[in-house]
Amino acid sequence: MFEKTRTYCLGRIQVNLPLEAQLMGQGNKYQGREIDSERMGWPDFQKLVEERRALWKEGSVQRYTFDKEIPIGERGFIFTGRKKNIRSTSCGVETLKWDKLHAFKTFDTAYSPDKIDGLLEEFSTTVRNLRQRDEWDIPTEPGFCIVDGFIPDDEDTTMYESATARFFLKGYPGVWITIRTSLQYRNDPSLLERLKGWDDKFPGKVKRLRKGKATYNDMPGEESLETIPSDDKTGIAHLFIWETPGEIDIPAKPYIQVSITTGGDDSNITLPSPLETKDALKLYEVVMQGLRVRPVERKPEPK
């Protein structure tokens, strides 16, 4: 079971997932901004740009006064505006990029006018470099994977970035795989410290399969593998978590958390797991053995 896998890219990491794993949802932040993607043809994208340009110029984008438009190549655009608040002035920025039937969009506010020029240089580089990526494509160059896209960079300039993806297991209702990664975040206290009160919260109900320090692919971390009874008391559900704190602002050592749960649904009812414990453990091992910081090929330094 779960022998056949394929590799998924998330942020700066990659993970091998069973063929049954289907992406349910993903979020990301790069340079502190969330980048949304939407499948869209070129004519529709041109129409979107025209609509957004008109809204900016008429002052209808959150009451910002239009400042300027910056074209990035033929398929990228940045719109900026300014707004006077009670005590200060803030800047708003929207970026749009089209590549291979996908539109990538960002919008954020409350930027300081003193810093906006430097930020616009960074955003321009991101829009210029951002390209479409097939769901299961794994880039070999340094950079950051987002939904439907990839942003190549040198990994030397640190910034706020994070990514989350959630998968369901086709044919196994209630089985979820969730992966989170970040460069500027870590859970404190550690996973094992946070779980110390778990037994007190559910006295006599938690069965611990494994708990302690655990290193996978040279990434030191902590894991907790437990089962709890289903609400109808006809079976059990699994809760497997592994976490590495990483090192803040070091792309090669990001914070990562992996959780695999069985028997869950959207109504917060704990159902009997469709997987036996040995199969749930097998799924966990497949995911963890295939989890790693994405290896990259760096261009040689010029002589």
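Laboratory data are not the source of any read-out in this text; all were calculated from the coordinates shown. Predicted model, so just to flag it, every value in this text is computed and none were measured. Please note: Cβ atoms are built from the backbone with ideal geometry, for glycine as well, and neighbour counts cover all protein chains shown.
If the reach is capped at under 25 angstrom between alpha carbons, list the lysines near K211, excluding any in the same chain fewer than eight residues apart.
K196, K201, K233, K253, K278, K282
Pop out the Kirkwood hydrodynamic radius of the chain from its pairwise C-alpha distances, inverse of mean 1/r, in Å to one decimal.
Numbers: mean 1/r = 0.0465 Å⁻¹.
Answer for the chain: a Kirkwood hydrodynamic radius of 21.5 Å.
Spelling out what I want: for every residue of the range 243-260, take phi, set θ = phi - 60°, compute 6.51 cos²θ - 1.76 cosθ + 1.60 (Karplus), and round to whole Hz; glycine and proline get x.
Ordered by residue, 3J(HN,Hα) equals 8, 10, x, x, 10, 4, 6, 10, x, 6, 9, x, 5, 9, 10, 10, 10, 10 Hz.
Over the range 36-129, what is the mean sequence separation of C-alpha contacts under 8 Å (at least six apart), divided by residue count, expressed as relative contact order in percent? Kindly include the intermediate steps, with their values, before the conclusion.
Details: 148 pairs, mean separation 24.2, N = 94.
Answer for the range 36-129 is 26 percent.
Debye calculation, C-alpha points only, no solvent: report log10 I(q)/I(0) for the range 36-129 at q = 0.18, 0.23, 0.24 Å⁻¹, in the same order as the q values.
-0.79, -1.19, -1.27
Pairing the Cα long axis of helix 277-289 with the longest principal axis of the chain, what angle in degrees results, from 0 to 90 and rounded to the nearest 10?
Tilt relative to the chain: about 40 degrees.
Starting with the fewest neighbours, write out R12, R208 ranked by other beta-carbon atoms found within 10 Å of each beta-carbon. It would help to have the intermediate numbers written out before the result.
On the way: R12 23, R208 13.
Placing the least packed residue first, the sequence is R208, R12.
Please compute the contact order of the chain in relative form: average sequence separation of alpha-carbon pairs under 8 Å and at least six residues apart, divided by the residue count, as a percent.
About 20 percent, as a whole number.
Tell me, which cysteines of the chain are without a disulfide-compatible partner by the Cβ under 4.7 Å rule?
Those would be C91, since no other cysteine Cβ in the chain comes under 4.7 Å of theirs.
Would you kindly state how much longer the chain becomes between L101 and T277 on full extension, computed as 0.36 nm times their sequence separation minus their alpha carbon distance, in nm to one decimal? Before the final figure, lay out each step's value.
Working: separation 176, 0.36 × 176 = 63.36 nm, distance 4.27 nm.
Here the segment from L101 to T277 would lengthen by 59.1 nm.
Between D114 and R210, what length in nm is gained on full extension when 0.36 nm per residue of separation is reduced by their alpha carbon distance? Provide the component values of the computation, followed by the final result.
Numbers: separation 96, 0.36 × 96 = 34.56 nm, distance 5.23 nm.
Stretched fully, the D114-R210 segment lengthens by 29.3 nm.
Taking loop as defined by DSSP and a crowding limit of 16 other beta carbons within 10 Å, which GluC sites (Glu not before Pro) in the range 1-84 fit? Spell out each step's value before the answer.
Working: sites: E3, E20, E34, E38, E50, E51, E58, E69, E74; in loops: E3, E20, E34, E58, E74.
Answer by residue number: E3, E34, E58, E74.
For the pair L55 and R194, how long in nm is the line joining their label points, each one 7 Å along Cα→Cβ?
3.5
Taking the number of other C-beta atoms within 10 Å as the exposure measure, put F167, F107 in order starting with the fewest. Mind showing how you got there, number by number?
Numbers: F167 23, F107 16.
Fewest to most other Cβ atoms nearby, the residues stand as F107, F167.
Using r as the Cβ-Cβ distance of M159 and D44, and R0 as 41 Å, what FRET efficiency do you calculate, to the nearest 0.05? Kindly include the intermediate steps, with their values, before the conclusion.
Numbers: r = 31 Å, r/R0 = 0.75.
Given R0 = 41 Å and the Cβ-Cβ separation, E is 0.85.
Lysine pairs in the range 1-121 with alpha-carbon atoms under 20 Å apart, 8 or more places apart or on different chains: how many are there?
For the range 1-121, the number of qualifying lysine pairs is 21.
If we count other beta carbons within 10 Å of each Cβ, what is the order of Y185, Y255, fewest first?
Details: Y185 17, Y255 20.
Ordered by Cβ neighbours within 10 Å, fewest first: Y185, Y255.
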